[in-house]
Every structure is written in C-alpha cells, then in structure tokens.
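Derivation of every value follows stated rules applied to the coordinates shown; laboratory data play no part. Computed from a predicted structure; not experimentally measured. A quick note on method: Cβ atoms are made from the backbone with ideal geometry, for glycine too, and the neighbour counts reach across all protein chains shown.
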Amino acid sequence: MKLYEVGLCNGINEVIGITEGKWLNTAPLGIIVDDEDSDTAKLRLYKSHTRENIEKGSILWVNVNFDPLIFVISAFEDLSREFFESLNPPILKDTISWAKFDAELRGNFAELHMLEGEVIRSNIRAVNRGFNSLIEALVHATRYRISTRRELKEKIFYYGELVSKCGGKREKEAYRLLLEYTGLSSDL
Ligand SMILES: Cc1cc2nc3c(=O)[nH]c(=O)nc-3n(C[C@H](O)[C@H](O)[C@H](O)COP(=O)(O)O)c2cc1C
C-alpha cells in the first residue's frame, strides 16, 4: 500500500498520531512525506509522550481527521474513550483514513514504515480557511504553552480572527477551548 492511498501526500500532513503507553496517547503530528508513491515517511519528534512511547517501541497509528475539536483537545490532553469509534485499530470518530506505522527513532526524527492502512469514509470537503487557521493557531498555542512569548500570542489572535470569520460552529468552539487551555481567554 502507498501513502497517497490513505491521503498522505508529498509535504507535511497534519494528522492525529496515536501511540500506546499506559493509555492510548493522542497528539497532532506532522507526517513528512517525500514520496507519496512509497510506504515510508518521517516525523520530527520533540520531547512529548508520543516520543516517549515510540522510544519504548510503540507502533504509531495515524488518523486523517478534520474535526477541529479533536485537534485542540489532543494537543493538550489525551482523548478519552468516547472520541474513538474503534480501539483496535485505534480510529477516532469521523476519521477519513487510518494507517499503522512501524516507527524507529533516529535522533530528532522517527523513520516511519507503513504496515497497513484503510480509507473508511469518502466525505468531500471544500477548503475552509477557518479550519486551516485553527490549525495555525493551534501550532502557535502548543509553542506558547512552552514559552509565553508575545509574538506567539499575537499569531494566535491573528489566526483566531480568521477562525471567527471563516470557521463553522465547531471551529469556533475549538478556538474557544484553545484559548482556555492556553489561559488566553481573559486577554481577549
Ligand atoms: C498541527 C500540529 C502539528 C504538530 N506536529 C508535531 C510534530 O510533527 N512533532 C512534534 O513533536 N510535535 C508536533 N506538534 C505538537 C504536539 O502535538 C504537542 O506537543 C502535543 O502536546 C504532544 O502531546 P503528547 O505529549 O501527548 O505526545 C504539533 C502540533 C500541532 C497543533
């Protein structure tokens, strides 16, 4: 099976990564694909539970999913059982496709080899700037959690305005949660 067949295309693919530790750990991750026509990819891994689990030998499951709430919650905590439609393999509700990767850590990167994968839905979806902006705000929010720099806060608010303008109800709810997690709700 090739990466493009599960929707992982050349460039960086923002997905939900699931690893096994004490419980299923969930986190947004960027899968780096150089050749979508192959079954290998890589992942830059900063210090996190995901990295710890991979270090201990966990498989990496990837879910292609467009739920903004799933992105925000999994960035700050682990998703509870009710977010999953299956635990074996781990598939989150409304996931479009999933893939199972063998992951080998080499320095700051994990080398990924796809073992299996499946497309389980074929929902079509137009590009939504609100969703895209939510993802941008979230990337900055995960950095802001580590270092509360002013420029990060400004970027979060900049993308937040686009979420308000272009997003749907779920993107707006996800952004509200993002502000709560980062302690920025009162700065508005
Ligand atoms: C869209 C997006 C992509 C991300 N990509 C990565 C990544 O490729 N590698 C990484 O180490 N962290 C990445 N992060 C940050 C992690 O999701 C974040 O540190 C998370 O809290 C880790 O959770 P964990 O400790 O449960 O593994 C990304 C965050 C977002 C919002």
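Annotations for the structure displayed:
- 25 Å Cα-Cα reach of LYS22 towards lysines, excluding residues that sit fewer than 8 places from it in its own chain: LYS42, LYS47, LYS56, LYS93, LYS100
- Computed over the stretch 1-132: relative contact order in percent, which uses C-alpha pairs under 8 Å that are six or more apart: 26
- Packing-based ranking of 45-55, 8-18 yields 8-18, 45-55, ordered from highest to lowest mean Cβ neighbour count within 10 Å.
- Gaussian network model of the chain, Cα within-10 Å springs - most flexible of LYS172, LYS100, LYS22: LYS22
- Cα-based shape type of the stretch 1-156, given that a ≥ b ≥ c are square roots of the gyration tensor eigenvalues and the cut on a/c is 1.5: rounded
- Residue order, fewest to most beta carbons within 10 Å, for TRP61, TRP23: TRP23, TRP61
- Three-way shape label, the stretch 129-187, alpha-carbon gyration tensor, a/c 1.5: prolate
- Where labels lie 7 Å past Cα in the beta-carbon direction, separation of SER186 and ARG150 in nm: 2.0
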